[in-house]
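Enquirer: Pasting a structure below so you can have a look.
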Amino acid sequence: MEKIITMMGPMLDGASITLQMFFITLVLSLPLGLILSLARMSKYKPLSFLVETYIWLMRGTPLMLQLLFVYYALPLIPYIGIKLPDFSAAILAFVLNYAAYFAEIFRGGIQSIEKGQYEASKVLGMTYVQTMRRIILPQVLKRVVPPISNETITLVKDTSLIYVLAMNDLLRTARTIVQREFDMTPFIIAAVFYLAMTLVLTWIFNKLEERYAAYDE
Amino acid sequence: MNMISLKNIHKSFNSLKVLKGISLEVAQGEVVAIIGPSGSGKSTLLRCLNRLETIDQGTIKIEDEMLVTEGIDGRSQYVSEQKAREICFKMGMVFQQFNLFPHMTVIDNIIEAPILVKGIKKDVIIPEAEELLRKVGLFEKRDSYPSRLSGGQKQRVAIARALAMKPDIMLFDEPTSALDPELTGEVLKAMRQLAQEHMTMLVVTHEMAFAREVAQRVIFMDYGDIVEEGTPEQIFNSPNQARTQTFLNSML
């Protein structure tokens, strides 16, 4: 028992890194994803092509490769290259990657809204921005809750990838202790933590779905 | 005063010509029914009035303001987006598929645009919206979501929503075509009431009885052209054109 208590200190520090990665990535990548989805659907072809290519790159290469690229290769690019501290590099890679997935989820949601909704809004005198804000996006949110919930839960576990930058997140901390103490308990503590976080998220998303269930379509 | 003046409207979808030089004038308080087979261009004509479709050639004047003028190259030229929006919300529109906002209650559907577009205060518009709901007989559905309503009720809410913007003209695009036959009556009743209040109305419809009874003028369209127009009596009892006769026979 005493052993577990001494383990908890570093484990909680690791959990804190994991939680920070999770929240910052989520808060930044959701709005970025929305903006990207609108750009992807833009009538201005070069813009939509650019975003399409971006999404292909981000979804077509491993997140771990993107992490390594941002941390090790980005500083080597002439003129624009910058050396980021490990935490910022990790956030940048995660946000860029997750925004691409969220963009496709939002695009699916937006395109599933019937044309008649836009027409009714236009006939009533609403501008594009008013239509999106008041009519389209509120309906999109209802439809994207399940896929967003999926991605969010994946993100919880993906944060463990930052071990490649030698960052001491929850999982890497656990492994270090396991290797030092020859005791498997840290793995179990880590598993419980991930499960608890997923449980909380599932509960939150269920609440969201319930709230949106107020109306059917 | 003419509420709507269309001159020589041409419209194509790619190589398909759907409107071939339509001219039409609608006077204040006039109820005009547009009939014709599907694909005749009657819905497209209606949708061109409020920019749901853009025209290629011709001019559109709503009340005393030009929405579309003729450019120097002979092609149609629209006024600025801002101006066009102001002109177009003088026209309310009711769709075949209702197009209510499913995430809003009935009352919110009605007050949304007046608040958002015209900046009307909520405590001013709510009594007006409630009055409109009473008028279409749906006050008790005030706080329901559209999914809880029957087709006929949805369409009456859609009429109330359009009226809340205080339009001078109402456009109806096959308002009863998506309804079960026993539900068309309640919608037609609301429209009849509007006509009695001298609303200027343009109604694309398959309801011949309604056209005959309520419209002052009936327009028969086919292949993107106005084939014949006249009083309901003239069109339904003694049409001049063989095509009109054939169509009317097929509707019986």
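Enquirer: Counting only other chains, what is the mean number of Cβ atoms within 10 angstrom of the Cβ of each residue in peptide A:122-133?
Expert: Working: counts 7, 18, 18, 15, 6, 5, 1, 0, 4, 1, 0, 1.
The mean count of partner-chain Cβ atoms within 10 Å per residue comes to 6.
Enquirer: Quick check for me: using +1 on Lys/Arg Cβ and -1 on Asp/Glu Cβ, what's the dipole size of segment A:1-99 about its Cα centre, in debye to the nearest 20?
Expert: Using only the charged Cβ atoms, the result is roughly 440 debye.
Enquirer: Hey, can you rank A:193-203, A:158-168 by average C-beta count inside 10 Å, highest first?
Expert: So the peptides A:193-203, A:158-168, ranked by packing, come out A:158-168, A:193-203.
Enquirer: Just order A:43-56, B:56-69 by mean Cβ neighbour count inside 10 Å, highest at the front, would you?
Expert: Packing order, densest peptide first, comes out as B:56-69, A:43-56.
Enquirer: Right, next: Show that you can apply the helix-only estimate: for the protein assembly as shown, add -39,500 (n - 2.57) for every DSSP H stretch of four or more residues, divide by all residues, and state [θ] at 222 nm to the nearest 500.
Expert: Taking each H run of at least 4 residues, the total per residue is -17500 deg cm²/dmol.
Enquirer: Okay, next question. Anything over 31 Å Cα to Cα? Flag those among A:Lys122/B:Lys122; A:Lys43/A:Lys83; A:Lys43/A:Lys142, in the order listed. Can you show the working numbers first?
Expert: Values: A:Lys122/B:Lys122 21 Å; A:Lys43/A:Lys83 36 Å; A:Lys43/A:Lys142 25 Å.
Exceeds cut-off: A:Lys43/A:Lys83.
Enquirer: With charges set only on the Cβ (+1 for Lys and Arg, -1 for Asp and Glu), what does the dipole of chain B come to about its Cα centre, in debye to the nearest 20?
Expert: Dipole about the Cα centre, nearest 20: 340 debye.
Enquirer: May I ask you to order A:133-144, B:105-116, B:234-245 by the average number of other C-beta atoms within 10 Å around their residues, highest value first? Mind showing how you got there, number by number?
Expert: Numbers: A:133-144: 18.9, B:105-116: 22.1, B:234-245: 15.4.
Highest to lowest by the protection proxy: B:105-116, A:133-144, B:234-245.
Enquirer: Dipole magnitude of the protein assembly as shown about its Cα centre, charges +1 at Lys/Arg Cβ and -1 at Asp/Glu Cβ only, in debye to the nearest 20?
Expert: Dipole magnitude for the protein assembly as shown comes out near 740 debye.
Enquirer: In peptide B:49-56, how many Cβ atoms from other protein chains are near each Cβ within 10 Å, on average?
Expert: Mean number of neighbouring Cβ atoms from other chains: 1.
Enquirer: Hey, got the average number of other protein chain Cβ atoms within 10 angstrom for residues in B:98-107? Don't jump to the answer; show the numbers that get you there.
Expert: Working: counts 2, 9, 3, 10, 10, 12, 5, 2, 0, 0.
Other-chain Cβ atoms within 10 Å of each residue's Cβ, averaged: 5.
Enquirer: Could you pull out every whole DSSP H run in chain A that spans at least 30 Å of Cα extent along its own axis and averages 0.0 or higher on the Kyte-Doolittle scale? If you can, show how the numbers build up before the last one.
Expert: On the way: long enough: A:2-40 (55 Å, 1.28); A:86-111 (37 Å, 0.95); A:185-212 (41 Å, 0.95).
Within chain A the helices that satisfy the rule are A:2-40, A:86-111, A:185-212.
Enquirer: On to the next question. Which residue fluctuates most in the GNM of chain B (Cα springs below 10 Å): B:Phe210, B:Phe101, B:Phe13?
Expert: Among B:Phe210, B:Phe101, B:Phe13, the largest GNM mean-square fluctuation belongs to B:Phe13.
Enquirer: Excluding residues fewer than 8 places away in the same chain, name every one of the lysines whose C-alpha is closer than 24 Å to that of B:Lys17.
Expert: A:Lys115, B:Lys7, B:Lys42, B:Lys61
FYI, it's all coordinate maths here, none of it is from the lab. Since the structure is predicted, the reported quantities are computational estimates derived from the model, not experimental observations. Virtual Cβ from ideal backbone geometry, glycine too; neighbours counted across all protein chains shown.
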